[in-house]
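First the structure, in the form of structure tokens, and then the observations on it.
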Amino acid sequence: MAQKTANVSELQVERWKFKPILPDILKNGAASIKLVKGKTTKSVANQYKVKEIFKNTYGLPEITFKKGVNTAFTKKTIKVAVVLSGGQAPGGHNVIAGLFDGLKKANKKNVLIGYLGGPSGILENKFKVISEDVLQEYRNTGGFDIIQSGRTKIETPEQFELIKKIFLLSGVDALVVVGGDDSNTNAAMIAEYVIKEKLDKCIVGVPKTIDGDLKNKYVETSFGFDTATKIYSELVGNICRDVNSSRKYWHFVRLMGRSASHITLEVGFKTQPNIALIGEEILSKNMTLAKVIENITDVIVKRSQTGKNFGVVLVPEGLIEFIPEMKELISSLNDALTENAEAVANVHSVEEKKDFICGKIPNKLADLMKSLPTGIASQLMLDRDPHGNVQVSLIETEKLLVEMARKKLSELRKEDKYKGKFSPITHFFGYEGRCGIPSNFDANYTYALGYNAAALVINGLTGYLSSIRNLIKPPKQWECGGIPLTMMMTIERRYGKDKPVIQKALVDLGGSPFKEFVKNRDKWAAGESYIFPGPIQYFGSANVTDITTRTLQYEHSKKKK
Ligand code: FBP
């Protein structure tokens, strides 16, 4: 079938022609890959508890792919299912393309199906067969629309039973879960279950999330972070240029990244704003909300003294959970909302709900809750997602900061310490970045992750995450293999209970990206060091098309030393 060109952008037509570059080790297919097993592994934290939960998959060895003959390779025909899970991230379609091509390279008769709408699609056995005809419209495109996504948590014995029935009924030999920390926790739980039940099924994960917090020694970055941060950087850079031209507004920009500030840090490097708040630093310094505001207004006041009543502030979406007093409030609200779910559902006005819930949490926290603007208090009481996370994308922290900064500045004005003009404008850049056309890096990386996942599945590996490393080098030199999902697990409190989860990687305050930021931020605060990165480039000089993130560059430069 020819690709349709009606209702399609010129860029997409050109982008279909892009041929992702495979790492050399993968290009001849699974038959020419030798598996090298490392030592047994242990979880990053809470080893005892994690081992108790994952009796069958705990301690698996790390797997590295090397050139050689795969003596265990058979041409057995297999049926593989893929599911896209959690928030969208640029490159999801190329994971499926890589998986499809990797499976077909091993055996043309291999079949790939995609469960629809995320993990709920597995439970409902709703799927679509992925053929070349279906796939070709989606190669190198953004979005997850080929099979959509969802956030259903898989944890109950009934759900596992259902999965067993569906796998057996439909003859699915393997499941590839493309997701972030919560989704790969699902993958780990299913992997444990299939081994316990001796089901002879493979379960493999692929690291996805624009947030960049699914990373460790073996996962250098999750896919989508590169493209999303490039998109946000274009937008923030444009605002910086606008600010530098009009010189009259303070822009407060909240950027996605639920639990970690990697996106803000990366966009900070690419645009050099006057202020970039890093949640992890705020937490480590035990800063109160009042202290965060004081730091922001200090910069505003200083700039105003030289006639600069303008600037740009970057706010990580998850900031609110990093401020210790707010974190305590949210955790207390989580428990109170769960314990009183029925009663809360029957209260309809925000004020009444706030009063009700304030009666269920410690006085100190109730006072804090009451001091917050109604809009924010109401957003804090919204439903948690199926994994128990507060939906920070719905909390307008940038507006909270603006309101509090305005109050503080008017106090300073009364004390004759501020004479400037404060005209703030707020923005939230989140969903704009999640479905962008993948950059060359993400297009190559995701295709390789999918192809690599096919190699893991063909080798019958269960409970592994597709791992591609050495990402700072050209794709041909990337290193491939798999790391045990249990190795990344810890225990966290969710919905008032201890649950196994993949540990999120927060910004490392001892790491070189953060150190680099600290070296520069005072200069950025005082001056106009803005950089205007412009849009992602897909064609042209490799200096602009193939650059990776500054975060990866700084992290790798540290390794070399
Ligand atoms: P994943 O961790 O599933 O990749 O999702 C991350 C994210 O994009 C966050 O940045 C954001 O807070 C959240 O999803 C929004 O979730 P939703 O799509 O459910 O509104």
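Every number here is computed from the coordinates shown, using simple stated rules; none is lab data. Predicted, not measured: the structure shown is a model, and the values here were computed from it. Note that we place each Cβ from the backbone using ideal geometry, even for glycine, and neighbour counts take in every protein chain shown.
Using a/c under 1.5 as the rounded threshold, could you call segment 226-305 rounded, prolate or oblate? The axes a ≥ b ≥ c are square roots of the C-alpha gyration tensor eigenvalues, and prolate needs a/b larger than b/c, oblate otherwise. Oblate, because a/c is 1.5 or more while a/b does not exceed b/c. Remark on Lys208: its backbone amide H falls under 5 Å from those of Gly179, Gly180, Phe223, a criterion applied only to residues 5 or more positions apart or on other chains, H modelled at 1.01 Å from N.
With a ≥ b ≥ c the root eigenvalues of the C-alpha gyration tensor of segment 425-561, is it rounded (a/c under 1.5), prolate (a/b larger than b/c) or oblate? Oblate, since a/c reaches 1.5 and b/c is not below a/b. Amide H to amide H, with H built 1.01 Å from N, Ile113 comes under 5 Å of Val80, Ala81, Val82, Ile130, counting only residues 5 or more places away or on other chains. Taken about its Cα centre, segment 32-181 carries a charge dipole of roughly 840 debye when the Cβ of each Lys and Arg holds +1 and the Cβ of each Asp and Glu holds -1. State whether segment 290-401 is rounded, prolate or oblate according to the following rule on the C-alpha gyration tensor (a ≥ b ≥ c being the square roots of its eigenvalues): a/c under 1.5 gives rounded; otherwise a/b larger than b/c gives prolate, and the remaining case gives oblate. It is prolate, given that a/c is not under 1.5 and a/b is the larger ratio. Here the 3J(HN,Hα) profile of segment 534-545, calculated from phi with Karplus coefficients 6.51, -1.76 and 1.60 at θ = phi - 60°, is x, x, 4, 9, 9, 9, x, 5, 4, 4, 10, 7 Hz, Gly and Pro shown as x. Using C-alpha pairs below 8 Å separated by at least 6 residues, the relative contact order for segment 273-417 is 25 percent. With the simple spin-label model, which puts each label point 7 Å out from Cα in the Cβ direction, the Glu342 to Lys108 separation comes to 6.2 nm. Look at the alpha carbon pairs under 8 Å that are at least 6 residues apart: their mean separation over the length of segment 1-141 gives a relative contact order of 26 percent. Computed over segment 125-191, the quotient of the alpha carbon radius of gyration and 2.2 N^0.38 Å is 1.26. Annotation: extensible slack from Gln477 through Asp298 equals 59.7 nm (criterion: 0.36 nm per residue apart, minus Cα-Cα distance).
With contacts taken as Cα pairs under 8 Å and at least 6 residues apart, the chain reaches a relative contact order of 24 percent.
Magnitude of the charge dipole for the chain, about its Cα centre and with charges confined to Cβ atoms of Lys, Arg (+1) and Asp, Glu (-1), is about 1680 debye. From the residues Gly257, Ile395, Leu412, which one has its Cα farthest along the dipole of the chain in the positive direction, the dipole being from +1 and -1 charges on Cβ of Lys/Arg and Asp/Glu about the Cα centre? Final value for the positive-end residue is Gly257. Rounded to the nearest 10 degrees, the inclination of helix 262-271 to the longest alpha-carbon principal axis of the chain is 70 degrees. Under 13 Å from a point 7 Å along the Cα-to-Cβ line of Ser331: which residues of segment 466-504 have their amide N that close? Answer for this model: 492-498. Applied to segment 274-291, the Karplus parametrisation 6.51 cos²θ - 1.76 cosθ + 1.60 on θ = phi - 60° returns per-residue 3J(HN,Hα) values of 6, 9, 10, 7, 10, x, 4, 5, 4, 5, 5, 8, 6, 6, 7, 4, 4, 5 Hz, with x for Gly and Pro. The Cα-based radius of gyration and maximum Cα-Cα distance (Dmax) for the chain are 24.3, 80 Å. Distances between placed amide hydrogens fall under 5 Å for Glu492 paired with Lys499, Val501, all partners being 5 or more residues away or on another chain. Each residue of segment 364-378 was assigned a 3J(HN,Hα) from its phi angle through the Karplus expression (A = 6.51, B = -1.76, C = 1.60, θ = phi - 60°), giving 4, 6, 5, 5, 5, 4, 5, 7, 7, x, 3, x, 5, 4, 5 Hz with x at Gly and Pro. Spacing of the modelled spin labels on Gln391 and Leu169, each 7 Å from Cα toward Cβ, amounts to 3.1 nm. Expressed as a whole number of Å, what is the distance separating the alpha-carbon centroids of segment 532-559 and segment 403-432? About 34 Å separates the Cα centre of segment 403-432 from the one of segment 532-559.
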